[in-house]
Every structure is written in C-alpha cells, then in structure tokens.
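Novice: Okay, here's the structure, questions in a sec.
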Amino acid sequence: MWTGWWLWPLVAVCTADFYRDEAERIMRDSPVIDGHNDLPWQLLDMFNNRLQDERANLTTLAGTHTNIPKLRAGFVGGQFWSVYTPCDTQNKDAVRRTLEQMDVVHRMCQMYPETFLYVTSSAGIRQAFREGKVASLIGVEGGHSIDSSLGVLRALYQLGMRYLTLTHSCNTPWADNWLVDTGDSEPQSQGLSPFGQRVVKELNRLGVLVDLAHVSVATMKATLQLSRAPVIFSHSSAYSVCASRRNVPDDVLRLVKQTHSLVMVNFYNNYISCTNKANLSQVADHLDHIKEVAGAEAVGFGGDFDGVPRVPEGLEDVSKYPDLIAELLRRNWTEAEVKGALADNLLRVFEAVEQASNLTQAPEEEPIPLDQLGGSCRTHYGYSSGASSLHRHWGLLLASLGPLVLCLSLL
C-alpha cells in the first residue's frame, strides 16, 4: 500500500501548477481591479513627487510593492490610486496636499501612456482592459481633504476623484473614524452629522463612490442607510476573522449584502491575522468569510500595497495576485465568483453609482456651520452677513457712545 508514496509530492506540485495556470488564464480575460494602492504617497515620500528623477522610473523602481513589471506580472488591469494626505494636515494644508497628489497621478499616467490609462468611469475601465493598459482612477483617502467644503468636493470631482473615503484615522467635523470604536477618539457626529449627510448626498448626485474604509461602525451604518447607491470599503477586511476595528463586522456585512455594496479586502498583516505576521491563506479566509455572510458579489481586493509596512507571506507585492486567485480556486470558488472578485463586482457597483447620479439635480449648497470648523487661521467670508451686520452695529453703537464717554471724562 506504500509503493506509491513517492508520487504524492509530484501530484501536489502538479495540482498547484494547475490552479496557478487556471488563475492566469482567468486573469488574462478578467484582470484585477484593486481598490487601494498608495504608490503616489511613496512618490512623494521618496522623491517629493519629482517623477523625472531617474530613481523614480516606474519600470525600475525599487523598494516599493508596486512598479510596472510587478503590475504586469500580477495582471493588474485597474487601480484606484490613493490620494492621501495625513490627518495632521487637517485645518492646515490638506487641500493643497490633496491637489499635489492628484497632480502626481495625472503626471504618472502622462509619463507612461503605454502602461496607464487615466479614466473616470466604468466605461473607461473596460476601454483600458481592451487596450491592455492599467485603468487608473483617483480615490481620495480622507474626508479632511475636502476641508468641510462642498465646493472643494465638487472641484475634486472635476479633477477626477471617483471615490472619497469619508474619514482617515481621525474625525472630520462631520463624520467619525474607526478609532472612536477603540476608545482612542471621542465621537463627534455619532456617525454622520447633518453636514455629513449632505456630503453623502452630493457624492451620490455626482456619481462618486462613497468609501467606508477607516470609518466608525456608526458611520458605516448611517451611510449604508442613507446612500442612494451602493458603497465600497476600498481596503477593509472581516472583523469576525480578525477583531480589528478597521475591519467590517458581520451586522454591517449583512447591510452590505442588502445594499449590493462591496468590501475590498485589505492585506495589512495586522488587519488579517491581528498580529505582525500573516500569510496568503489567511487573506483567503477573509475572502471566504465575506462571501459567506454578504455573498460572492460583495467581495473584492484592496491590497493597500505601498501604504502598509507589513504584508502577508505569499503576497509580498502586486505581482502575487495570481497566487491568491489560485488559492481561491483551490477552495472551490467558481470561475464566475473569481471573476466577480477580480473585476465584475467593482464594475457592477461603479455602474450602479453612475446610474444613480443626477448632474441635472441642484447641488447641495448649505455650508457647514462655522462653529463646527476647526483651525485658527480661517477667514469667515460669506459666513453670516448677520455677523458682519452685527459688527457694524457695534461700531455705530461705540461711535454714538464716544461723545458721552468724553463728557463723563470731563466731569
């Protein structure tokens, strides 16, 4: 009975090769659309956005999870490039920093037109697929980038923003972040403030994806209940598999299913295994769980490459996507389910967001109340002519009291 024991390693190798070959076959037809990549931040951090620096050449770029050869090897056909500016820019230079990071995405696409196609729609993604290029979209990571201004939000839309993450790891004056759920931040809006609700409605009107990565559970639920279109979690995983508050709990996953929304799984070790070490199989566990609770149509990939310090063994960079797809096939995911996770689910959500948009509808105009804004360097132009009128009235009153004060001083 043991005469064939030596065949088993050979069988295992052949089986592994089969699943890897199947993964590549599927991905040639349906390349992956990744929800979140922080290469633009690395270009700022390493080169101060000087793309003509020879070290910044994306065909030879070293020390990052992402470069052009790795994207090709990983069958990446669509990428939401993260436009990120840290929370310490809030109430300071967040808008300027955001514009500079949007600019570097545009310039990156212009410098490598044979690789990247800048797009702003689901149709643009499909066009990039046909041309064999990486559809390049802009996701703005953090509501502080709009500086609590609907006008800034609309301007960023005109410049190509196609998702807005409502918070990063800090509250905005109108939405609470995930650290509220750990006790490290105080709740301010109990989810969404009235102005936060107007932000969501304006994103719906414009056809911008609402991104709930980084937000509190209360913000997740408030937004899922309010939004007229499906939403995304651009880089979040499953709380039941790893109990990090950056992940999505099961009751929210059920709302994701009800609203036909999407969770794009983050690969950061601490959100996968809740430790500093993780592996590819554990990432697949998150994908399995989301599929089980929210359905196969709710699953996507948001690796967070180049935005985190630790990634799983077997998923060291963007070239490794075929190995993850091979693991899903090994776990009896159907080809249709795999294609959904790769691209079809995101395209479905994006198309639904576009269909729900209505640019003929009057835009949201009511500004955030002045007393809800932070920062000591703000001017108050436009905020309450009543305030200006009050200042004038005080001036007139003081002027009228002048003679009386003078007379009293002479007594």
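Novice: Just to confirm a number: summing +1 for Lys and Arg and -1 for Asp and Glu over residues other than ASN247 whose beta-carbon lies under 13 angstrom from that of ASN247, what do you get? Intermediate values should be presented prior to the final figure.
Specialist: Working: positive: ARG245, ARG246; negative: ASP181, ASP250, ASP251, ASP285, ASP304.
In short, -3.
Novice: Per residue, how large is the accessible surface of the chain? Use a 1.4 angstrom probe and give square angstrom. Kindly include the intermediate steps, with their values, before the conclusion.
Specialist: Numbers: 18160 Å² over 411 residues.
Averaged over the residues of the chain, the accessible area is 44 Å².
Novice: On to the next question. Amide H to amide H, which residues 5 or more places from SER216 or on other chains are under 5 Å from it, using H placed in the peptide plane?
Specialist: Counting only residues 5 or more places away or on other chains, the set is ASP176, ASN177, TRP178.
Novice: In addition: Using protein chains only and a probe of 1.4 angstrom, how many square angstrom of CYS170 are accessible, to the nearest 10?
Specialist: Using a 1.4 Å probe on the heavy atoms, I get roughly 20 Å².
Novice: So, with +1 on the Cβ of K and R and -1 on the Cβ of D and E, and no other charges, what is the size of the charge dipole of the stretch 62-104 about its Cα centre, to the nearest 20 debye? Could you put the intermediate results ahead of the total?
Specialist: Working: 5 positive and 4 negative charges, 34 e Å.
Its charge dipole is roughly 160 debye.
Novice: Ok, one more. According to a simple spin-label model (label point 7 Å from Cα along Cα-to-Cβ), what is the distance in nm between ASP251 and THR182?
Specialist: So the two model labels end up 2.1 nm from each other.
Novice: Could you rank ARG310, ARG55 by how accessible they are, 1.4 Å probe, largest area first? Could you put the intermediate results ahead of the total?
Specialist: Values: ARG310 75, ARG55 140 Å².
Descending order: ARG55, ARG310.
Novice: Next question, about the same structure. Roughly how many debye, to the nearest 20, is the charge dipole of the stretch 32-357 about its Cα centre, given +1 on each Lys and Arg Cβ, -1 on each Asp and Glu Cβ, and no other charges? Don't jump to the answer; show the numbers that get you there.
Specialist: Values: 30 positive and 37 negative charges, 128 e Å.
Charge dipole, the stretch 32-357, about its Cα centre: 620 debye, nearest 20.
Novice: Report the Cα centroid-to-centroid distance between the stretch 37-109 and the stretch 117-194 in angstrom, as an integer.
Specialist: Between the Cα centre of the stretch 37-109 and that of the stretch 117-194, the gap is 16 Å.
Novice: Mind checking which helices in the chain clear 24 Å along their axis (Cα) and have mean Kyte-Doolittle hydropathy of 0.5 or more, DSSP H runs only? Walk me through the intermediate numbers first.
Specialist: Numbers: long enough: 7-29 (34 Å, -0.10); 94-111 (25 Å, -0.28); 385-410 (38 Å, 1.00).
Span-like helices, by this rule, are 385-410.
Novice: Let me ask another. In the full protein assembly as shown, how much of ARG228 is accessible to a 1.4 Å probe, in Å² to the nearest 10?
Specialist: Only protein atoms counted, so the area is about 130 Å².
Novice: Could I ask something else about it? Give the lysines reachable from LYS92 as a straight Cα distance under 28 Å; neighbours fewer than 8 places away on the same chain don't count.
Specialist: Answer for LYS92, where 28 Å is the Cα cut-off: LYS201, listed by chain and number.
Novice: Still on this structure, I have one more. Accessible area of the chain with a 1.4 Å probe: how many percent of it is carbon plus sulfur? All intermediate terms of the calculation are to be shown ahead of the outcome.
Specialist: Numbers: 9850 of 18160 Å².
Of all accessible area on the chain, carbon and sulfur atoms account for 54 percent.
Novice: Once you have the alpha carbon radius of gyration of the stretch 32-357, what is it after dividing by 2.2 N^0.38 Å, with N set to its residue count?
Specialist: Details: Rg = 17.9 Å, N = 326, 2.2 N^0.38 = 19.8 Å.
Cα-based Rg divided by the globular estimate yields 0.90.
Novice: Another one. Of the residues ASN171, ASN48, ASN67, which exhibits the maximal mean-square fluctuation in a Gaussian network model of the chain defined by a 10 Å Cα contact cut-off?
Specialist: The residue with the greatest mean-square fluctuation here is ASN48.
Novice: Another question, if that's okay. Starting from the amide H of TYR239, placed 1.01 Å from N in the peptide plane, find each other amide H under 5 Å away whose residue is 5 or more places distant or on another chain.
Specialist: Those lying under 5 Å, H to H, from TYR239 are VAL248.
Novice: Expressed as a rounded percentage, what relative contact order does the stretch 32-357 have, with Cα pairs under 8 Å and six or more residues apart? Could the numbers behind the result be given before it?
Specialist: Details: 696 pairs, mean separation 60.0, N = 326.
Averaging sequence separation for qualifying contacts and normalising by length gives 18 percent for the stretch 32-357.
Novice: Positive end of the dipole of the chain, charges at C-beta (+1 Lys, Arg; -1 Asp, Glu), about the Cα centre: which of ALA362, ALA238, THR259 has its Cα farthest in that direction?
Specialist: ALA362
Novice: Continuing with this model, one more query. How large is ³J(HN,Hα), in whole Hz, for each residue of the stretch 236-244 in order, when computed from phi with the Karplus curve 6.51 cos²θ - 1.76 cosθ + 1.60 and θ = phi - 60°, using x for Gly and Pro?
Specialist: Karplus values, whole Hz, x for Gly and Pro: 9, 10, 9, 5, 5, 8, 9, 7, 9.
Novice: Have a look at MET108, MET220, MET46 and tell me which one the Gaussian network model of the chain (Cα, springs below 10 Å) gives the largest fluctuation.
Specialist: Largest GNM mean-square fluctuation: MET46.
The values are calculated or read from the model by the stated rules, or taken from the named source; none is laboratory data. No experiment lies behind these values; they were computed from the predicted model shown. Backbone-built Cβ (ideal geometry, glycine too); neighbour counts: all protein chains shown. What goes into the accessible areas is simple: the full protein's heavy atoms, side chains included, and nothing from ligands, DNA or RNA. Shrake-Rupley method; radii C 1.70, N 1.55, O 1.52, S 1.80 Å.
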